[in-house]
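As structure tokens, the structure follows; a few thoughts come after it.
The values are calculated or read from the model by the stated rules, or taken from the named source; none is laboratory data. Everything numeric here is computed off the predicted structure, so don't read it as measured data. Here the Cβ positions follow ideal geometry from the backbone for every residue, glycine too, while neighbour counts run over all protein chains shown. SASA here: full protein model, heavy atoms, side chains in, ligands and nucleic acids out. Shrake-Rupley method; radii C 1.70, N 1.55, O 1.52, S 1.80 Å.
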Amino acid sequence: MIEPTYERTALAQLQREKARFQTHIKLVFEPAAHDCGVCPTAGECCTDAHFVNVHITRLEAVAMRETIEQTPRLSREEKQAVYERARSAIKRYDLRGGADSFSRTYSCPLFQPGTGCLVHRRAKPAPCIHHACYDNWEDLPPQSLQDRVEHRVEQLNNSVYGQAWAWLPTPIWLALVDPDSDGVELARLERIWATRREPQSRAHSPTNLVARRASLPILNFR
């Protein structure tokens with residue numbers, strides 16, 4: 001049984017962690033990056049199914065759901081469309097959990113043409129915050145910054161859900177936390193996760209090296 005108070009507290013802490021990270025990247029590194037606002041192919045970084053493979057925690061998925069549900073500029077139909085895009089991405093790109101999940105890529109369902117990332121300010125994943133288009137390698141933010149934030153995210157996630165989660169592609173988690181879902185699939189996975197001896201840790205996962213190689217790139221020569 002998930003304690004709602006613990007979850008709300010962790011969500012607030014998660015938002016603060018992400019906000020600090022986003023501010024640091026914006027002030028220190030993004031001045032050397034290309035301006036996304038004038039990109040001739042807006043949203044390409046989010047929708048290019050050849051390289052996007054961002055994985056998130058359960059807590060981050062809940063934060064995304066809460067952000068989407070509380071966004072007044074989206075109609076009910078537009079909110080439902082996010083989860084429909086997530087399920088479509090799962091099917092189209094054959095997304096699933098397991099040892100090979102980081103080798104699979106997809107188009108992110110959180111990008112909406114004309115609006116951009118629907119969770120940009122409140123629930124954006126660390127790899128996406130870390131990402132920008134740079135011309136020079138020396139201008140890139142160090143990977144250690146992202147690793148540190150993801151470790152903190154993992155700690156917050158474990159404090160709420162214990163073993164009842166796994167690092168999964170964003171579309172899978174969005175489908176699992178869909179407010180209109182019957183919850184059957186999430187309950188099934190919880191039973192599987194409960195058999196593990198320890199909560200999953202990305203830092204100690206055998207797929208971690210693959211994850212770092214395949215994660216959303218932060219260098220894009222134009």
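Taking only Cα atoms, what is the 0 to 90° angle, nearest 10, from helix 4-28's long axis to the longest principal axis of the chain? Tilt relative to the chain: about 10 degrees. Comparing mean-square fluctuations of 158, 136, 53 from a GNM of the chain with C-alpha springs under 10 Å, the top value falls on 136. Among 137, 167, 193, the residue with the largest mean-square fluctuation in a Gaussian network model of the chain, with springs joining Cα atoms closer than 10 Å, is 137. Residues 51, 102, ordered by accessible area of protein heavy atoms at a 1.4 angstrom probe radius and largest first, appear as 51, 102.
Taking all protein chains into account, the per residue accessible area for the chain stands at 53 Å² (1.4 Å probe). Can you spot the lysines whose alpha carbon is less than 29 Å from residue 26's alpha carbon? Ignore those fewer than 8 places along the same chain. Cα-Cα hits under 29 Å: 18, 79, 124. When you restrict to C-alpha pairs under 8 Å that are six or more residues apart and normalise by the size of the chain, the relative contact order lands at 34 percent. Report, in degrees rounded to the nearest 10, the 0 to 90 angle that the Cα long axis of helix 184-193 makes with the longest principal axis of the chain. Roughly 90 degrees, rounded to the nearest 10. Less than 5 angstrom separates the built amide H of residue 112 from those of 117, 118, all sequence-distant by 5 or more or on a different chain.
Pairs of alpha carbons in the chain separated by more than 27 Å make up 29% of all such pairs.
When the charge dipole of segment 1-150 is built from unit charges on Cβ atoms (+1 for Lys and Arg, -1 for Asp and Glu) and taken about the Cα centre, the candidate among 113, 88, 38 whose Cα reaches farthest toward its positive end is 88. For the chain, the fraction of 1.4 Å probe accessible surface lying on carbon and sulfur atoms is 53 percent.
From the alpha carbon centroid of segment 24-41 to that of segment 114-165 is 16 Å. Placing a label point 7 Å from the Cα of residue 2 along the Cα-to-Cβ direction, the residues of segment 45-81 whose backbone N falls under 17 Å from that point are 56-70. Angle of helix 76-92 to the longest C-alpha principal axis of the chain, folded into 0 to 90 degrees and rounded to 10: 90°.
Based on Cα contacts under 8 Å between residues 6+ apart, segment 85-162 shows a relative contact order of 17 percent. Over the residues of the chain, the helix contribution to mean residue ellipticity at 222 nm works out to -15000 deg cm²/dmol, using -39500 (n - 2.57) for each DSSP H run of at least 4.
Here the translational diffusion coefficient of segment 1-113 follows from Stokes-Einstein with Rh set to the Kirkwood radius across Cα pairs; for 10 °C and 1.306 mPa s it amounts to 97 µm²/s. Based on Cα contacts under 8 Å between residues 6+ apart, segment 133-201 shows a relative contact order of 38 percent.
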